[in-house]
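**Student:** Got a structure here, written out as structure tokens. Questions coming.
The values are calculated or read from the model by the stated rules, or taken from the named source; none is laboratory data. All values derive from a computational prediction rather than experimental measurement. In this analysis, Cβ positions are derived from the backbone assuming ideal geometry, glycine residues included, and neighbour counts consider all displayed protein chains.
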């Protein structure tokens, strides 16, 4: 059928769950058997998310084709159980760069190039190209930020142009927050009314309002929003209260016939629910999960002032959940700032309270000595350990220092003058750094890895060759491979083209695995990642 487009925009404030809402709408149409894809539009000038601090922006999610994107792309992949590629991600920097490059090469044939209409036209072109490449019946388009912001006006204009051309093929969903002021104790609709008015000022009337809040929206407030925001009916106001886990949101929407109402608006003929049963089974498993499994995550991107930011490692968190639920367990995760262990080594004994330890990715020198102390504790005390990217690299440094007795062992990123650089840099990356080329220049995207069949990792995957996603600049130095192997730190995964080390595995340990890649990026709620399954299974013993 002709592709249908559902634009998801935000109101009142950011962080209310537009990405989960967009992914949930997509999941509903996926359950009906349609081919669904999703696009994220970020209004910042950065060309991609790769150069931004994760404390400010959250996790950088890497696609198979090596794009560094917003974390919502991860939500789309997990909900839709499909790969999302670089065509489905755009930023203001990326859009403007394309228009300027086209102008410089006379692509506009001498015409005056203007912000309007040429920038919105480029956005429309990219949206349609992504729909064509993904063969989408339904394309979800999430516009970052909130309506009324200067940054996203051009993207709203692109959506308005598309709706003007084909009104029955485009729908707008406004996801807005309804606060409950503590001194009043009443849910207020006025901020959302202002958001709808701001959207009207852009020439767009929302077809639906998804009302986010701590509690379920009552009939009176639905009626009020429908009346003051000019919706067809109170049924077009969809209540989206907080839920125990985000994968319940499609069910919350379906109970209010959101999918059927959207289908009616877009003239989509819903035939049968092809995949609903497997999604319902997932939710049932999450609700009946039993024995708790306590996982410590020791990292360096948690603290932002007085607050703890889990978004920096959202894919790791979700991957742990997927595997725990699959194994019938209840995940209990604790975020530990590695700098705490640097300041006070005696705090390490608290790790005895956990069933497993994860060290996720990262960059730079801050907090790494605390991470190394935590890794040593896991290695010496048989605590199941999973090191991801930097977590693998620092596990190698710790092993070299304590087992190989190279006391100055380090990574070239942190201590380039060390005599024993266990983690070093390849010539390509050295050239990038010398030329200050940091954006999009790391080893990015999917690379092959050949596994040792008799290793724990090889048995978990059950195949000889895998493909996993990378995001890093530094590598294990192969001159130390033989020494590591002799001391029972196995090199059990290697890239066949470059001979680079991809996976390490400690023998005679319940579970001690480090990966140079990021397995969390390919974990799905319906298909948990085998490494996380192995890690959680070991943690449950």
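**Student:** Just to be sure, is residue 153 out of contact with any helix residue (DSSP H, G or I) (no Cβ under 9 Å at 6 or more places or on another chain), within 18 Å of residue 41 (Cα to Cα) and either surrounded by 15 or more Cβ atoms within 10 Å (Cβ to Cβ) or in the same structural domain as residue 13 (by TED's automatic domain parsing) (or both)?
**Tutor:** When the stated conditions are applied, residue 153 passes them.
**Student:** Scan 225, 174 and give me the residue that is at pLDDT 95 or above, touching a strand residue (DSSP E or B) at 6+ places or on another chain (Cβ under 8 Å), over 20 Å from residue 143 (Cα atoms) and not assigned by TED's automatic domain parsing to the domain that holds residue 525. Reasoning before the result, please.
**Tutor:** Details: 174 fails: over 20 Å from residue 143 (Cα atoms).
Answer to the selection: 225.
**Student:** Sort through 84, 73 and tell me the only one that's under 30 Å from residue 272 (Cβ atoms), within 17 Å of the chain's Cα centre (by Cα), in the same structural domain as residue 263 (by TED's automatic domain parsing) and free of Cβ contacts under 8 Å to residues at least 40 places away in the same chain.
**Tutor:** Values: 84 fails: free of Cβ contacts under 8 Å to residues at least 40 places away in the same chain.
Unique residue meeting the criteria: 73.
**Student:** Okay, moving on. With touching a helix residue (DSSP H, G or I) at 6+ places or on another chain (Cβ under 6 Å), surrounded by 18 or more Cβ atoms within 10 Å (Cβ to Cβ) and free of Cβ contacts under 8 Å to residues at least 40 places away in the same chain as the only criterion, which of 503, 533, 491 stands out?
**Tutor:** Values: 503 fails: free of Cβ contacts under 8 Å to residues at least 40 places away in the same chain; 533 fails: free of Cβ contacts under 8 Å to residues at least 40 places away in the same chain.
Just one listed residue meets the conditions, 491.
**Student:** For the stretch 254-292, name all the residues that are under 22 Å from residue 322 (Cα atoms), outside any loop (DSSP other than H, G, I, E, B) and touching a strand residue (DSSP E or B) at 6+ places or on another chain (Cβ under 8 Å).
**Tutor:** 292
**Student:** Determine whether residue 508 is more than 27 Å from residue 293 (Cα to Cα) and surrounded by fewer than 20 Cβ atoms within 10 Å (Cβ to Cβ).
**Tutor:** No: the conditions fail for residue 508.
**Student:** Moving on. Being touching a residue at least 60 places away in the same chain (Cβ under 8 Å) and touching a helix residue (DSSP H, G or I) at 6+ places or on another chain (Cβ under 6 Å) is true for just one of 371, 375. Which residue is that?
**Tutor:** Answer to the check: 371.
**Student:** Let me ask something additional. Counting residues that are over 20 Å from residue 518 (Cα atoms), which strands (runs of 3 or more DSSP E) fully inside the stretch 297-403 reach at least 2?
**Tutor:** 330-337
**Student:** Quick one: residue 237 ticks every box in (1) in contact with a helix residue (DSSP H, G or I) (Cβ under 6 Å, 6 or more places away or on another chain); (2) surrounded by fewer than 18 Cβ atoms within 10 Å (Cβ to Cβ) except a single one, so which number is it?
**Tutor:** (2) is the only condition that residue 237 fails.
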